[in-house]
1. Testing residue A:103 on (1) open to solvent by less than 10 Å² (accessible area, probe 1.4 Å); (2) part of a helix (DSSP H, G or I); (3) of a type in the set (Gly, Ala, Ser); (4) more than 13 Å from ligand 2 (Cβ to nearest atom), one condition comes back false. Which one is that?
2. Scan segment A:1-55 residue by residue and report those that are open to solvent by 40 Å² or more (accessible area, probe 1.4 Å), in the same structural domain as residue A:133 (by TED's automatic domain parsing) and among the basic types (Lys, Arg).
3. Run residue A:271 past the list (1) more than 19 Å from the chain's Cα centre (by Cα); (2) open to solvent by 30 Å² or more (accessible area, probe 1.4 Å) and report the number of the one that doesn't hold.
4. Just checking, does segment A:106-123 include any residue being more than 19 Å from residue A:392 (Cβ to Cβ) and touching a residue at least 60 places away in the same chain (Cβ under 8 Å)?
5. Anything in segment B:90-126 that is part of a helix (DSSP H, G or I) and either open to solvent by 70 Å² or more (accessible area, probe 1.4 Å) or charged (D, E, K, R) (or both)? List them, or say none.
6. Are any of the residues in segment A:422-437 at positive phi, in a loop (DSSP other than H, G, I, E, B) and assigned by TED's automatic domain parsing to the domain that holds residue A:393?
7. Enumerate the helices (runs of 4 or more DSSP H) found wholly within segment B:1-85, keeping only those where 2 or more residues are closer than 30 Å to residue A:350 by Cβ.
8. For a quick check of your reading: which helices (runs of 4 or more DSSP H) sit entirely within segment A:110-201 and have at least 1 residues that are within 16 Å of ligand 1 (Cβ to nearest atom)?
Amino acid sequence: MPQGILCNNRPVNSKERIMELMGDAGGKKYYKEMETLDVSHDDLGALIKKTCKSRIRTWLEICNHCGLCADSCFFYLTNNKDPKQTPSYKIQSTLGELVRRKGKVDAAFMINAMDTAWGKCTCCNRCGLYCPHGIDMGAMFSYLRGLLFSQGFVPYELKIGSGMHRVYRGQMDVTTEDWVDTCEWMADEYGVDYPGLEIPIDKPNADIIYTLNAREPKFYPEDVAEMAILFQMAGENWTVPSVGWEETSLTMFAGDWEGCKMQVETVYDAIERLKPKRMVVTECGHAYRGTVVEGPYYAGLESGKTPIETLHYVEWVAEALREGKIKIDPAKKIKEPVTIQDACNYVRNGGLEKCTREIASYLCEEVIEMEPHGEHAFCCGGGGGLNGLARYGPERKIGFKNKRDQVLATGCKFVLTPCHNCWDAIRDMEEAYHIGIKWSFLKPLLIKAAIMPDHMKLKEE
Amino acid sequence: MIPPDATLYEILTGPVLWGTFIIFGVGVVLRVLLYVKGLDWKIDRVTYGVNTSYGVKGAIKSVFSWLIPFGTRNWRANPVMTTAVFVFHFGLLFTPVFLLAHNMMLTERWGFSLWTISESFADYLTIAVLISAVYMVLRRIALPEVRIITTFYDYLILLIAVAPFVTGFMARYQFSDYQFWLLAHIISGEIMLIAIPFTKLSHFVLFFCSRAQLGMDFGIKRGGMKGNKQLTW
Ligand code: SF4
Ligand code: SF4
């Protein structure tokens with residue numbers, strides 16, 4: 001079969017195609033079609049020629065096969081040191097081979113490459129810190145994902161995810177109307193306890209424009225309310241855009257480079273339209289990576305920076321606590337020891353390690369760090385899109401053992417997880433291994449422990 | 001001491017040596033130039049030309065952290081391998097340049113010489129290089145994660161790198177036919193130099209390029225501009 005009905009090299013650009021794909025529960029038919037999907041040697045070869053430049057070619061060439069990257073990868077560690085999980089092996093046997101053969105490979109090769117690029121790598125970039133030659137396999141896997149995507153070899157859920165971004169400019173089917181309704185609903189509902197609570201939409205020239213993860217309006221609307229409460233507490237002049245509020249990018253996980261550009265430009269357009277001073281993004285790692293770290297490049301901004309200064313949520317919270325905009329009641333600090341899950345996407349790949357520690361110094365009595373942590377932290381086990389991929393559920397479960405053991409070694413029963421992917425991964429890790437822990441985003445913890453400013457107190461009857 | 005087989009010796013240390021130096025010199029310079037030319041801020045997603053000062057800081061830290069023995073987390077995590085790697089590379093680069101015999105040739109031909117090391121020190125370095133090489137071979141065979149990625153090419157590269165040491169050592173101690181070992185030494189040395197630009201030995205210069213690139217990546221894009229924070233390798 002040259003191109004499948006569901007599985008093909010055409011990106012998903014319509015609601016109908018999303019529905020059609022979603023109708024194939026679990027992607028059974030989709031993956032079946034993939035087995036016989038044609039690989040266009042000409043197109044793939046041309047794409048490699050155009051995009052595989054000296055950085056990656058040199059990485060592939062000078063890898064001296066020393067294996068010093070093996071222990072850096074949590075997949076290697078949790079799979080009983082299976083040599084096939086050595087980062088160098090994983091990339092050389094997929095991307096390396098693909099480049100050497102100039103794209104002349106078959107569907108079976110591409111499927112194995114897909115299973116490696118998504119099922120054996122979360123693009124956490126940790127191995128890049130451990131290779132003496134400065135070879136970043138995470139960066140190469142994310143490039144490989146782009147090559148695979150171009151030929152239609154992408155996991156089922158990410159094909160849908162990329163389509164969602166292309167159609168809805170969000171990772172889920174949340175329309176502008178749904179989003180605005182959710183904001184109004186949350187402001188009303190939480191306004192009972194927090195008088196005057198507002199979620200200003202499309203307010204021009206605000207100090208802060210806030211952007212978030214579609215999961216929040218879709219499944220966790222209380223998160224939307226919580227961010228409003230905290231901004232109001234801090235007395236910020238803020239807004240959310242009616243369009244361009246989605247900070248995440250499953251297109252990035254999918255390797256859909258064109259989709260990445262479409263998505264991030266929606267956010268930058270909102271900035272252009274509303275002219276806020278700064279942008280704050282929610283407690284999500286890949287959203288920050290997709291829109292703030294890599295985003296400017298997707299959009300072709302020569303400064304390499306977002307159009308206005310952007311803060312990850314942990315940066316904003318740290319600033320608000322430091323400046324006394326939000327005050328924590330010392331009596332309400334978290335008493336039990338807490339450990340911090342560092343999200344690869346804004347810690348190793350974003351330099352924000354100190355922010356979470358600063359926040360914890362206000363919020364927690366005691367922090368016990370995982371070893372290693374910070375820039376050298378291990379992936380939670382669900383990054384790079386892996387959380388959502390049913391095909392690699394078993395791989396993910398094995399990978400969780402690493403984080404499980406790290407958390408257990410701290411003796412803590414409470415994990416701070418200021419990242420949607422980490423939050424999910426820690427939840428699923430607990431579900432799989434029952435180590436009796438709790439985990440939380442920052443927002444609910446801050447609201448619980450903060451001293452309510454007078455302007456937000458309920459008036460006595 | 002002029003070998004009886006003078007013509008071959010003269011050719012090898014005359015025109016062939018010159019040719020070797022030229023291929024080596026031009027080759028490594030070209031490798032660096034081609035590397036830099038192939039960098040693309042859009043594809044690599046690193047604004048090399050903007051925010052450059054952050055990139056330079058990141059690059060310097062990335063290169064130097066790894067040039068210092070035990071200077072990085074991974075060097076510290078693998079003490080035996082780290083020792084072998086540093087001893088090997090130090091011996092490989094240092095010995096030929098400061099070897100007395102090589103410098104005598106320099107004096108003979110051009111009337112100058114560099115500072116030299118004693119012959120016994122050169123022997124120790126040679127032995128250290130050979131021991132490190134043996135360790136690296138055994139490691140390739142013993143460790144599954146290394147074995148799986150090892151190819152014939154890796155052994156060949158190692159052979160090319162140590163051959164001048166083995167042959168030089170044999171010639172110095174004149175275990176057997178001096179002439180043979182001397183010529184083998186010269187040829188293997190020339191092969192090594194010529195191989196540098198064309199093989200993985202290009203990491204002679206590309207190590208610095210690749211390390212600097214990743215350092216710039218972290219220095220510019222991945223956090224380096226956040227309060228001027230430098231990654232700890
Ligand atoms: S540590 Fe670097 S050079 Fe060594 S095998 Fe891994 S990628 Fe290759
Ligand atoms: S990027 Fe992370 S998950 Fe992928 S190979 Fe490297 S260490 Fe393993």
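The values are calculated or read from the model by the stated rules, or taken from the named source; none is laboratory data. Source: prediction; values computed, not measured. So basically every Cβ, Gly included, is an ideal-geometry build from the backbone, and we count neighbours across all protein chains shown. Just so you know, the surface numbers come from the protein's heavy atoms only, side chains and all, with ligands and any DNA or RNA stripped out. Shrake-Rupley method; radii C 1.70, N 1.55, O 1.52, S 1.80 Å.
1. (2)
2. Those that are open to solvent by 40 Å² or more (accessible area, probe 1.4 Å), in the same structural domain as residue A:133 (by TED's automatic domain parsing) and among the basic types (Lys, Arg): A:49, A:50, A:53.
3. Of the numbered conditions (1) more than 19 Å from the chain's Cα centre (by Cα); (2) open to solvent by 30 Å² or more (accessible area, probe 1.4 Å), the odd one out for residue A:271 is (2).
4. To start, the set of residues in segment A:106-123 that are more than 19 Å from residue A:392 (Cβ to Cβ) comprises A:106.
Now restrict to residues that are touching a residue at least 60 places away in the same chain (Cβ under 8 Å): A:106.
Scanning segment A:106-123 turns up at least one residue that is more than 19 Å from residue A:392 (Cβ to Cβ) and touching a residue at least 60 places away in the same chain (Cβ under 8 Å).
5. Residues satisfying the conditions are B:90, B:93, B:104, B:108, B:109, B:110, B:119, B:121, B:123, B:124.
6. yes
7. Details: elements: B:6-13, B:15-37, B:52-67, B:73-77.
So the answer is B:15-37, B:52-67, B:73-77.
8. Numbers: elements: A:137-150, A:156-168, A:176-191.
In segment A:110-201, A:137-150 are the helices (runs of 4 or more DSSP H) which contain 1 or more residues that are within 16 Å of ligand 1 (Cβ to nearest atom).
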